[in-house]
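Working notes, beginning with the structure itself.
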There are 4 protein chains.
Amino acid sequence: MSFSYHYIDILNTNKLKDTAILLLSCPDQRGVVAAVTDFLLKNDGNILTLDEHIDSETKQFFMRVEWELKGFGIPQDKITDYFETLVAKRFELGWKIEFCKCIPRAALFVSKHAHCFFDILNRWESGEWKIEIPLIISNHEKFKPIAERHNIPYYYVPINKTNKKQQEAEEKALLDKYNIDFIILARYMQILTSDFIKQFPNRIINIHHSSLPAFPGANPYRSAYERGVKIMGATAHYVTEELDAGPIIVQDIIPISHNDSIREMKRKGKDVEKRVLAQAVWEHINHKVMPYKNKTIVFS
Amino acid sequence: MSFSYHYIDILNTNKLKDTAILLLSCPDQRGVVAAVTDFLLKNDGNILTLDEHIDSETKQFFMRVEWELKGFGIPQDKITDYFETLVAKRFELGWKIEFCKCIPRAALFVSKHAHCFFDILNRWESGEWKIEIPLIISNHEKFKPIAERHNIPYYYVPINKTNKKQQEAEEKALLDKYNIDFIILARYMQILTSDFIKQFPNRIINIHHSSLPAFPGANPYRSAYERGVKIMGATAHYVTEELDAGPIIVQDIIPISHNDSIREMKRKGKDVEKRVLAQAVWEHINHKVMPYKNKTIVFS
Amino acid sequence: MSFSYHYIDILNTNKLKDTAILLLSCPDQRGVVAAVTDFLLKNDGNILTLDEHIDSETKQFFMRVEWELKGFGIPQDKITDYFETLVAKRFELGWKIEFCKCIPRAALFVSKHAHCFFDILNRWESGEWKIEIPLIISNHEKFKPIAERHNIPYYYVPINKTNKKQQEAEEKALLDKYNIDFIILARYMQILTSDFIKQFPNRIINIHHSSLPAFPGANPYRSAYERGVKIMGATAHYVTEELDAGPIIVQDIIPISHNDSIREMKRKGKDVEKRVLAQAVWEHINHKVMPYKNKTIVFS
Amino acid sequence: MSFSYHYIDILNTNKLKDTAILLLSCPDQRGVVAAVTDFLLKNDGNILTLDEHIDSETKQFFMRVEWELKGFGIPQDKITDYFETLVAKRFELGWKIEFCKCIPRAALFVSKHAHCFFDILNRWESGEWKIEIPLIISNHEKFKPIAERHNIPYYYVPINKTNKKQQEAEEKALLDKYNIDFIILARYMQILTSDFIKQFPNRIINIHHSSLPAFPGANPYRSAYERGVKIMGATAHYVTEELDAGPIIVQDIIPISHNDSIREMKRKGKDVEKRVLAQAVWEHINHKVMPYKNKTIVFS
């Protein structure tokens, strides 16, 4: 029998907000805000939050609006169709609608580092994050027992120089089978191929230490130590084909002093990595992040 | 003849953005956003930024929208009238409009601490802040020479136990004469009377150290030292009748360790005070702050 | 069979540094540093780190020195005796010696909040912290399954208005039985009695939110929300008889904005609480903390 | 007549602590701490602070000790000689002694950015920093009036492609004439030659924005903007022959969001630059910084 007190929180979707979130973007033009709010207003949509942003350089327009579905005049399954017809087409919007009762399904990729992996499981298990984690994929067997005690299927998919394409195909099949919405790379120490990445645009979240690009190579902590840095940080970003260079979601740092040995720097690095990755996932699952070109808008 | 390289930046209002900023608030109701954006759209107003907020507890609605005056169909001097008639009256809005070309005029109140005072003069003199400082008021003569070298009139208004009411009347007359928009208390060590404060609602910005309310009394740094605090901070707020308890605009902290003597704590305290006060003034002069009840919305 | 990959790290004390740490304090007087270093030098002790501090107000002297036991001329079990006779007595030192191979044994007290509890278990399980957690004590049954899956005895000790003295006596017996070195209150929502606290001077670590003393009472987050605070924090401290007023070990904050609902403030509060408590435990188990009067020296 | 209220603080050296600070370094070896403290003890030196550090990788030993000169048995002008003979020679120490009553003399180099320049003048003028600023050197005439109002000689030394060697020679002559201890590059936008730098080893403090090495080139703020960074920072360091790669003294960051235009990023960048440079100068003038190889120990 499995222990599952967290399901109380997680699976009771009646306790989730019954709202819709519209995210849209287009070259700045007059009338978009009025058209969108008018669309919601005429159909008795009660707006809870509305955020808007115009990129000061590219003049691209971004908007996020959340409204209550209770009392909204258009049935949930027809909102997309109506919005496309009545608003989006007219302004040539890029857009999507998310429903808060639809719990995001995350695949967790991990190698041998525990810190991000454990932290994510905690936030899920304690009900802090309203997500499903239907499977864990790893190139090592190390964390299988951890997955088992949480009753999460654990797929051991070892990668070597010759089998990556084939193994990624297997991973892709698993992700399809489990109907995954997005992937969290919890210190997954394999470089994904372009082919794989292309299938999950802005849906793979990675964390890397801030030593990049200052301290590339095999032992960045030693390089940073020898350089005598006074801060160290981490960057959570969407994965793109260019390694560690995708749209940044969250960055943060911790202070370092001469007292910190390489070992202590690694410990501190882990703390900031898990904090930054968690914040990035939080923004993502709350549909706050809008990627554009190689950057993100993260609405507050 | 006085040196005045900063006037290049400050007084050339042609270099300022030619925009209007509308700040409004009302109990949440349908249609406000649509009505406002419609008002701007129909008159060819090009919206640069639009922010909106709904207080999750009181359901009060807040909005800030900035648009270009160039090409806007309503003459600048009639915008207020038209907006009142066409929009504000219908929704019973609290609102105001600011024009970026109208440079805010700040009175600087100071006693004997130099850190905030100097920092503010710098930001003004270097053109970082687009404000006027038409006068300085102090209960000490100490900084008169500083004012003189900047060609700012310096009024020495000493306060004692019996003359406060009368001296504040004189200050009020000065502020009127110089057509002051808001007051910066740059570590002004006098308590203002309710009568004075009432005449500048949400227009007096004060800074106090974070030791409140933990360490009140004559020597808060000693109390904080003896308590062994590990952080110290500062709070910038609008002045209300309740001492140091008005709407908070900015707060921040700095780390403290056992190595910090009371003297070093004071030095660090000054640094965070000047940083926090400057940030608060920046938000204020950019019309980002909306007070409501005893808190603020600070749009980003 | 239980999963226990962490034992690899934790119980192999051969992998721990074979060092001793001497912590001492006395009114400042000449000759202490020389006497201590001389004591170590004459016995071939290789000093790894030496930190010293003099409180600038009370002139109390503090020192922490760590040296290698390998090659040290005095057998480990006689160091205490020799140091007392040859150095400590002469200077009337308050002092203690810790050996890094002696793994601290922590009792975990928890109620119903998961965030600190899970985080601590992770740091222990992943081997980040070299500690033992021989038992968990709670006034609720909620986390029993979590304890079971880690094979940690879980004692459910409910507290009500009449049984606290008796239940604390039982807890004390458990702590003695398991040979506990210190207690971590991972959001344990019971006030300990003076009698209990006195038995663990500077050996009970608690975490409380930063709203104290500004926002006491039943719903501090609501008070902080209504006050419109722009930062929120947490304080980890040793428990003393005066509630939440013991020597502070670590404090930190996170930024808050008007966008944060009370619910979001609670979420952010949890994050800073678990971070601050973890850092405090880390300093404690590395024997970096020296309490004095009502404050701490935390050597870096 | 010139206004000079700050001289009250600055030139009254009787108000400065009458202490000596010994900074020393050597490969780690037994007996150094004991020998030094013994040297001070035997001559009735009252130690105020003692800090020690061993680099965990190179095993280099560092020590900073401050003691009162009042009552010290060796006359101030003979301390160097005695210490060399009795201690330093035996351990082959690298070392120096500083006396707190000797006010450091800083040359200020500036180009056209006001933020660091003004901030430094303020800290000097208000007496926060106990330093002399005997001259200002600039490759532009812009700030001459500012220097004049502070009665600081201002040398306009324009640099072009062909005259750098010759102009640096003139600068060197000025620095010698004014008996300068160290140089602050307050956003001085010229690259110093190796020849010049070699004459001031670890005595030139520079500030650069954190975009290095990530965003080199002519417009780093635009690059950072387009990359969508979420933090921006600054690094203060000693100048070495390798551009912007000398020993780091202080680093810090500020948060950035998508709301920050390039212009706003620059404004925030200035704030963090002036804060970081000021902290670095503070550590330097308090003799807290020990460079070693390409890093620094900054004692707390």
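The values are calculated or read from the model by the stated rules, or taken from the named source; none is laboratory data. Treat the numbers as computed from the prediction; the structure is a model and nothing was measured. We place every Cβ from the backbone using ideal geometry, glycine too, and count neighbours over all the protein chains shown. These area figures cover heavy atoms from the full protein model, side chains too; ligands, DNA and RNA do not enter into them. Shrake-Rupley method; radii C 1.70, N 1.55, O 1.52, S 1.80 Å.
Using 0.36 nm times the number of residues separating residue A:222 and residue A:263, minus their current alpha carbon distance, what extension gain do you get? Show your work: numbers first, answer last.
Working: separation 41, 0.36 × 41 = 14.76 nm, distance 0.94 nm.
Extending this stretch completely gives an extra 13.8 nm.
To the nearest 0.05, what FRET efficiency results for residue A:293 and residue D:162 with a Förster distance of 41 Å applied to their C-beta separation? Walk me through the numbers on the way to the answer.
Numbers: r = 43 Å, r/R0 = 1.04.
Result of the calculation: an efficiency of 0.45.
Once the Cα gyration tensor of region C:156-201 is diagonalised, what are the square roots of 5 times its eigenvalues, in whole Å and ordered largest first, as equivalent ellipsoid semi-axes?
On the way: eigenvalues 54, 30, 25 Å².
Working through the eigenvalues yields semi-axes of 17, 12, 11 Å.
How crowded by other chains is D:45-54, given as the mean number of beta carbons from other chains within 10 Å of each beta carbon? Could you put the intermediate results ahead of the total?
Numbers: counts 1, 4, 9, 4, 5, 8, 6, 8, 7, 6.
Across D:45-54, the average partner-chain Cβ count within 10 Å equals 6.
Expressed as a rounded percentage, what relative contact order does region B:17-99 have, with Cα pairs under 8 Å and six or more residues apart?
Numbers: 126 pairs, mean separation 38.1, N = 83.
Reported as a whole number, the value is 46 percent.
With springs connecting C-alpha atoms under 10 Å apart, model chain B as a Gaussian network and identify which of B:204, B:79, B:120 has the largest mean-square fluctuation.
The residue with the greatest mean-square fluctuation here is B:79.
Set the Förster radius R0 to 22 Å, insert the Cβ-Cβ distance between residue C:84 and residue C:16 as r into 1/(1 + (r/R0)^6), and round the FRET efficiency to 0.05. Numbers along the way, then the final one.
Working: r = 25 Å, r/R0 = 1.15.
About 0.30, to the nearest 0.05.
Output, in nm with one decimal and in ascending order, the distances from the residue A:266 label point to the matching label points of the other copies (7 Å from Cα along Cα-to-Cβ).
The projected label point of residue A:266 is separated from its counterparts by 3.9, 4.4, 4.6 nm.
Taking beta carbons within 10 Å but only from partner chains, what does the mean come to for residues C:33-42? Each step should come with its number before you reach the end.
On the way: counts 11, 11, 4, 3, 10, 6, 1, 4, 6, 3.
Average neighbour count from other chains, rounded to a whole number: 6.
Any idea which of D:35, D:25, D:62 is furthest toward the positive side of the dipole for region D:17-99, if Lys and Arg beta-carbons carry +1 and Asp and Glu beta-carbons -1?
It is D:35, whose Cα lies furthest towards the positive end.
Using only protein heavy atoms and a 1.4 Å probe, report how much of residue B:223 is accessible, in Å² to the nearest 10.
For residue B:223, the solvent-accessible surface is approximately 40 Å².
For every helix of n ≥ 4 consecutive DSSP H residues, a contribution of -39,500 (n - 2.57) applies; sum these over the protein assembly as shown, divide by its total residues, and give [θ] at 222 nm rounded to the nearest 500 deg cm²/dmol.
Details: 36 runs with 353 residues, N = 1200.
When only DSSP H runs of four or more count, the value is -8500 deg cm²/dmol.
Can you give the charge dipole size of region A:65-146 about its Cα centre, rounded to the nearest 20 debye, using +1 on the beta carbon of Lys and Arg and -1 on the beta carbon of Asp and Glu? Could the numbers behind the result be given before it?
Working: 12 positive and 12 negative charges, 36 e Å.
Value, rounded to 20: 180 debye.
How large is the accessible surface of residue A:93 in square angstrom, using a 1.4 angstrom probe and rounding to the nearest 10?
20
How do A:233-240, B:108-115 rank on mean C-beta neighbours within 10 Å, highest first?
Numbers: A:233-240: 24.4, B:108-115: 21.4.
Ranking, from highest mean packing down: A:233-240, B:108-115.
If ligands, DNA and RNA are left out, what is the accessible area of residue A:102 with a 1.4 Å probe, given in Å² to the nearest 10?
Rounded to the nearest 10, that gives 80 Å².
If all Cα-Cα distances of region D:105-298 are sorted into 5 Å bins from 0 onward, what percent lands in each bin, rounded to whole numbers?
The distribution over region D:105-298 is 1, 7, 16, 20, 20, 17, 11, 5, 1, 0, given as percents.
Which cross-chain or sequence-distant (5 or more) residues have an amide H under 5 Å from the amide H of residue C:250, H modelled 1.01 Å from N in plane?
For residue C:250, whose amide H was placed from the backbone, the distant partners under 5 Å are C:236.
Working with all protein chains in place, sort C:135, A:48 by solvent-accessible area computed with a 1.4 Å probe, largest first. Present the calculation step by step, with values, prior to reporting the outcome.
On the way: C:135 0, A:48 45 Å².
Ranked from most to least accessible, the order is A:48, C:135.
Would you pull out the residues with amide H under 5 Å of residue D:48's amide H, same chain only if 5 or more places away, H placed 1.01 Å from N?
Amide H neighbours of residue D:48, under 5 Å, 5+ apart: D:66, D:67, D:68.
Once phi is turned into ³J(HN,Hα) by the Karplus curve 6.51 cos²θ - 1.76 cosθ + 1.60 with θ = phi - 60°, what whole-Hz value does each residue of region B:136-147 show in order, with x for glycine and proline?
Listing the rounded values in order: 10, 10, 8, 8, 9, 8, 3, 9, 3, x, 5, 4 Hz.
Please give the charge dipole size of chain C, origin at the Cα centre, charges +1 on K and R Cβ atoms and -1 on D and E Cβ atoms. Round to the nearest 20 debye. Let's see the in-between values first.
Values: 40 positive and 38 negative charges, 160 e Å.
Charge dipole, chain C, about its Cα centre: 760 debye, nearest 20.
One quarter of the convex hull surface, Cα atoms only: what value does that give for region B:248-300 in nm²?
On the way: hull surface 17.3 nm².
For region B:248-300, the mean projected area of the Cα convex hull comes to 4.3 nm².
When only C-alpha pairs under 8 Å and at least 6 residues apart count, what is the relative contact order of chain B, in percent? All intermediate terms of the calculation are to be shown ahead of the outcome.
Working: 506 pairs, mean separation 44.4, N = 300.
Worked out over chain B, it gives 15 percent.
Could you tell me the center-to-center distance, by alpha carbons, between region A:44-60 and region B:30-46 in angstrom?
First find each Cα centre; the distance between them is then 14 Å.
Please give the Cα centre distance for region D:170-240 versus region B:88-127, rounded to the nearest Å.
Their Cα centres are 34 Å away from one another.
Using label points projected 7 Å from each Cα along Cα→Cβ, tell me how many nm separate residue D:151 and residue A:198, to one decimal.
7.4
Please report, to two decimal places, log10 I(q)/I(0) for the protein assembly as shown at q = 0.04, 0.06, 0.10 Å⁻¹ as given by the Debye formula with identical point scatterers on the Cα atoms and no solvent.
-0.24, -0.55, -1.61
Rounded to whole Å, how close does chain D get to the rotation axis onto B by Cβ? Give me the residue too, please?
Nearest Cβ to the rotation axis, residue and whole-Å distance: D:149, 3.
Given +1 on the Cβ of Lys and Arg, -1 on the Cβ of Asp and Glu, and no further charges, what dipole in debye does the protein assembly as shown carry about its Cα centre, rounded to the nearest 20? The partial results should precede the final answer.
Details: 160 positive and 152 negative charges, 1 e Å.
That gives a dipole near 0 debye.
From other protein chains only, count the Cβ atoms within 10 Å of every residue's Cβ in A:16-25, then give the mean.
Values: counts 0, 0, 0, 0, 0, 0, 0, 0, 0, 0.
Mean inter-chain Cβ contacts per residue within 10 Å come to 0.
Hey, can you rank D:262-271, D:145-154 by average C-beta count inside 10 Å, highest first? Numbers along the way, then the final one.
Working: D:262-271: 17.8, D:145-154: 16.1.
Descending mean neighbour count gives D:262-271, D:145-154.
Using a ≥ b ≥ c from the Cα gyration tensor of region B:33-152 (square roots of the eigenvalues), is it rounded, prolate or oblate, where a/c under 1.5 gives rounded and otherwise the larger of a/b and b/c decides, a/b for prolate? Walk me through the numbers on the way to the answer.
Values: a/c = 3.04, a/b = 2.15, b/c = 1.41.
It comes out prolate by the Cα gyration axes.
How big is region D:92-175 along each principal axis, measuring the range of its Cα positions in Å and listing the largest first?
44, 37, 20
Just flag the GluC sites (Glu not before Pro) in region A:222-260 sitting in loop per DSSP whose Cβ has no more than 11 other Cβ atoms within 10 Å. Could the numbers behind the result be given before it?
On the way: sites: A:226, A:241, A:242; in loops: A:241, A:242.
Those that pass, being in a loop and sparsely packed, are A:242.
Relative to the compact globular guide of 2.2 N^0.38 Å, what is the alpha carbon radius of gyration of region A:17-99, as a ratio? Spell out each step's value before the answer.
Numbers: Rg = 12.3 Å, N = 83, 2.2 N^0.38 = 11.8 Å.
Its radius of gyration relative to the 2.2 N^0.38 Å reference: 1.04.
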